[in-house]
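Worksheet for the structure shown next.
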């Protein structure tokens, strides 16, 4: 409901506008024998363009109320001692299966895990060259026997997955050679 404000009310507001809204409302209602809400008085003051200067925010350089006081409690010095590890820490050499189904082996602390099939391949053939990966001939991610592992480049793997996705294990080596031939042909075409 719209209120009519007289010139007397406006002049009174220009004098007392700096008070907090609840206190200003109580004095205004008492002085003019009206019953306006806090919101009405706040909006009235705003319409007159009267600002209190209070923003409700801390100003820069403000000193907190507890500045210079010491802490009331000592720090927790007994719970976490150096060198202790949680009860569920896995030892080096333990295995786990990740969300994609690959077996991982813990090789170092605290959380260094490597794929088991890569470790087995590197034990038999040396370090894996950059840009190469180890795949499974039969597609079973849990069969990490050395006869089931095959090293291919990432580019060869793209071709194997695109053109030969369901190749049986006995033909996987042959399809890898086909992928290498396709890559060589593609490289020759680029040169020409």
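The values are calculated or read from the model by the stated rules, or taken from the named source; none is laboratory data. Everything numeric here is computed off the predicted structure, so don't read it as measured data. As a convention, Cβ positions derive from the backbone with ideal geometry for all residues, glycine included, and neighbour counts pool all protein chains shown.
So the values come out like this:
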{"read-out": "Test for residue 19: is it under 30 Å from residue 6 (Cβ atoms), in contact with a helix residue (DSSP H, G or I) (Cβ under 8 Å, 6 or more places away or on another chain) and free of Cβ contacts under 8 Å to residues at least 12 places away in the same chain", "value": "yes"}
{"read-out": "Any hit, region 118-134, residues being in the same structural domain as residue 100 (by the TED database), within 32 Å of the chain's Cα centre (by Cα), within 26 Å of residue 99 (Cβ to Cβ) and part of a helix (DSSP H, G or I)", "value": "yes"}
{"read-out": "Helices (runs of 4 or more DSSP H) lying entirely in region 1-91 (those with 3 or more residues that are modelled with pLDDT under 90 and surrounded by 10 or more Cβ atoms within 10 Å (Cβ to Cβ))", "value": "none"}
{"read-out": "Test: residue in region 74-89 that is free of Cβ contacts under 8 Å to residues at least 60 places away in the same chain and within 30 Å of residue 135 (Cα to Cα)", "value": "yes"}
{"read-out": "Which listed residue, of 102, 177, 171, 164, is in contact with a helix residue (DSSP H, G or I) (Cβ under 7 Å, 6 or more places away or on another chain) and free of Cβ contacts under 8 Å to residues at least 40 places away in the same chain", "value": "164"}
{"read-out": "Any chance residue 101 is in a loop (DSSP other than H, G, I, E, B) and under 37 Å from the mean Cα position of the chain (by Cα)", "value": "yes"}
